[in-house]
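No value in this document is a laboratory result; all are computed from the given coordinates. Computed from a prediction, not measured in an experiment: that's the story for all the values here. Counting neighbours? That spans all protein chains shown, and the Cβs are built from the backbone with ideal geometry, glycine included.
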Amino acid sequence: MTKTTRIFSYLAAAFALLALAGSAMAAPDLGQATKQATNWTAIAMFAVFVLLTLFITKWAAKRTRSASDFYTAGGGITGFQNGLAIAGDFMSAASFLGISAAVFLDGFDGLIYAIGFLVGWPVLTFLMAERLRNLGRFTFADVAAYRFAQKPVRLFAASGTLVVVLFYLIAQMVGAGQLIKLLFGLDYWIAVVLVGILMMVYVLFGGMTATTWVQIIKAVMLLAGTTFMAFSVLSMFNFSPEQLFAKAVEVHAKGDAIMGPGTFIKDPISGISFGMALMFGTAGLPHILMRFFTVPSAKEARKSVLWATTWIGYFYVLVFIIGFGAIVLVGTNPAFKDAAGKLLGGNNMAAVHLAKAVGGDIFLGFISAVAFATILAVVAGLTLSGASAVSHDLYATVIKKGQTTPGSELRVSKITTIALGIIAVLLGIVFQSVNVAFMVSLAFAIAASANFPVLFMSVLWKGCTTRGATVGGFLGLITAVGLTVVSKSVWVDVFHNKAAIFPYTSPALFSMIVGFVGVWLFSVTDSGPRAAIDKAGFEAQEVRSETGIGAAGATAH
Amino acid sequence: MEADLVQRVKNDPNYQKLVRTRSRYGWMLALSVMVVYYGFTALNAWDKAFMASKIGNGVMSWGVPLGLFVILFTVAVTAIYVRRANREFDALTDAIHQNAGAGTAQPAATNAKVTQPTKVRA
């Protein structure tokens, strides 16, 4: 038996034991309101998914030798595959369960929320996707620091990446823990540890190749499952949305109010600010940007965003139908509610209960497994992007000043992967009670205010300098985090102050302006010798970003 | 990249045309997405009554089809860009690669007839 084969058989055995231990420990806790009986169908389906992905990881491990294989799957992913992988990377459990729950609770407001996540894609396609592919190799810092002094800009880019990745990871870990507790009847900590170990295995052994295929399989499963649910719901109403909505209005506690905007957009400033966080945050999410380096050319990068946008748009339409289906089929059925009339397991379970209502226990098991797979795929992508920021940007460029071997860089990525896995598990346990949707929107706001302005200005504005990019980027980052701390979600809800200093729900409108003005101001006032080099480098950068001349292609296997 | 290659590419009329056309087109489409999306958001913030008002005799409100329109528009506008880029911008890019004599030229994605020096009518 080879070394890797042995490792994988140990892992399979360990997971079987962990699942058994979890179910055994779960049994005495059945009385808890938030915990479900152990769902064996779901566990069996999930085990099949895990075995399949471990098998893929083993296959990918053989193909992952160089740094380029590890970070970008050798750049050999096709546009169609990458489109599905991007969709798999982006459609998180927060999207599926969170948005269907929002529709279940408030109707139309859930649609407003979903649309925000979609509209960033065309902007990313038109202005950034091809240029990113032409300039970058492994991380978005390759693009942001292309013509600048490497050390300060990469230091910023790695900070921006790690902050976004950590907030996003916490959200996914907490979501995973709660979800698995509810779906499988496992303890919270076992669920979080399980997710942490699996994501480490995918990334550590299979790198980007394994991560990509886990995301593709998950995207196909999620799209198939949600299509079946939406189709089943519509078929009960003769495929007439009007009939479905009419029934929903009839049975919903809020009545006709679910057909129009409610309290989701509190005031115009909050609405615009939140919209900006979602729209421009998409173009600043490091794990999404990294996916553009996995395709062989700018043309494939462009194709992949079109596929991704199509799948994600289709998915949100389905989620809207699923939410209304849940109003009618779950909201009216006492079997899905506790004694107090609340949904079993909380409102986030609306889509899961609907799965049982339309497809019985087996389909419930399938959707539960899909929800868990969804989290795994997203955390694997996040971990990989965090690990590459540390190894490729911090270690290789900032600490070793470019004097490294690909081997030592790869070793640092693997150590970072393990470290990030452990940190994610610990933070997931510490922040158990955090609001998942809030953490996700915070990650988007930071990405929009720090990563996006620097990326945008360095690629498109000749006058941008090292100083401007670094100072402006950090200002955007600090403002986004600072305003969040003094907003209601933290200042009042966490620190128990009386009133919030910052009155709006999202900082993006203000912190994005700070980021952009910061980059501009600290560039135009920069007359040092480095600024002259930075500006002189723009022509060559522009030619490469527009044409791809000199860009790295796919590596041969 | 050597300085003379950069200058050679910059002086290629195809390059000037590509940069000019593509960035104008990209910005125009990006702006259209922003107008549609922030218009939708503004209606949800300022005119909630309109979004909730009924289209016909049933329960269907204006908000739902408008929201679905934003989703369809987002996908459609991306498809429109990619379609033009695949036909026109790739032909220009291939011609620029040929003229620059860059060995990294991607395989021609279109059947644009390329001679040296090439100028693409697109």
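Observations
- Karplus-derived HN-Hα couplings along region B:54-64 (A = 6.51, B = -1.76, C = 1.60, θ = phi - 60°), whole Hz, x at Gly and Pro: 7, 7, x, 8, x, 8, 4, 9, 5, x, 5
- Within region A:230-373: Cβ-based charge dipole about Cα centre, in debye rounded to nearest 20 (Lys, Arg +1; Asp, Glu -1): 360
- Counting only whole DSSP H helices of chain A, the ones at least 20 Å long by C-alpha along their axis and with mean Kyte-Doolittle hydropathy no lower than 0.0 are A:3-26, A:40-63, A:150-184, A:188-235, A:298-329, A:350-388, A:406-430, A:466-485, A:508-524.
- Dipole of the protein assembly as shown [Lys/Arg +1, Asp/Glu -1 at C-beta], most positive-end residue of B:Ser32, A:Leu394, A:Ile501: A:Leu394
- Each residue of region A:341-349 was assigned a 3J(HN,Hα) from its phi angle through the Karplus curve 6.51 cos²θ - 1.76 cosθ + 1.60 (θ = phi - 60°); the sequence is x, 8, 5, 4, x, x, 5, 4, 8 Hz, with glycine and proline shown as x.
- Straight-line reach from A:Lys218: taking Cα to Cα under 13 Å and skipping same-chain neighbours fewer than 8 places apart, the aspartates and glutamates in range are A:Asp89.
- Going from the fewest other Cβ atoms within 10 Å to the most, the residues A:Leu420, A:Leu483 appear in the order A:Leu483, A:Leu420.
- Of the peptides A:193-199, A:141-147, the order by per-residue mean of other Cβ atoms within 10 Å, starting with the highest, comes out as A:141-147, A:193-199.
- Cα Rg, Dmax, region A:447-557, angstrom units: 18.4, 61
- Taking each residue as 0.36 nm, the span from A:Lys254 to A:Ile269 lengthens on full extension beyond its C-alpha to C-alpha distance by 2.8 nm.
- Among A:Gly331, A:Gly160, A:Ala94 the positive-end extreme of the charge dipole of chain A (Cβ point charges): A:Gly160
- Only Lys, Arg, Asp and Glu carry charge here, each on its Cβ (+1 for the first two, -1 for the last two); on that basis region B:11-100 has a dipole of about 140 debye about its Cα centre.
- Peptides A:273-281, A:353-361, A:461-469 ranked from most to least packed by the mean count of surrounding Cβ atoms within 10 Å: A:273-281, A:461-469, A:353-361.
- When restricted to Cα atoms, the protein assembly as shown yields an Rg and a Dmax of 24.9, 79 Å, respectively.
- Residue mean of other protein chain beta carbons inside 10 Å, B:62-69: 5
- About the Cα centre, charge dipole magnitude for the protein assembly as shown (Lys/Arg +1, Asp/Glu -1 at Cβ), debye: 1400
- The stretch between A:Asn333 and A:Lys535, if pulled fully straight at 0.36 nm per residue, gains 66.2 nm over its current Cα-Cα span.
- Using 0.36 nm per residue and subtracting the Cα-Cα separation, the extra length available between A:Ser408 and A:Met236 on full extension is 56.0 nm.
- Distance violations [Cα-Cα > 28 Å] among A:Lys151/A:Lys535; A:Lys247/A:Lys488; A:Lys62/A:Lys181; A:Lys414/A:Lys488; A:Lys266/B:Lys54: A:Lys247/A:Lys488; A:Lys62/A:Lys181; A:Lys414/A:Lys488
- Coarse-grained scattering of region A:50-195 at q = 0.15, 0.17 Å⁻¹, given as base-10 log I(q)/I(0) from a Debye sum over alpha-carbon atoms: -1.16, -1.36
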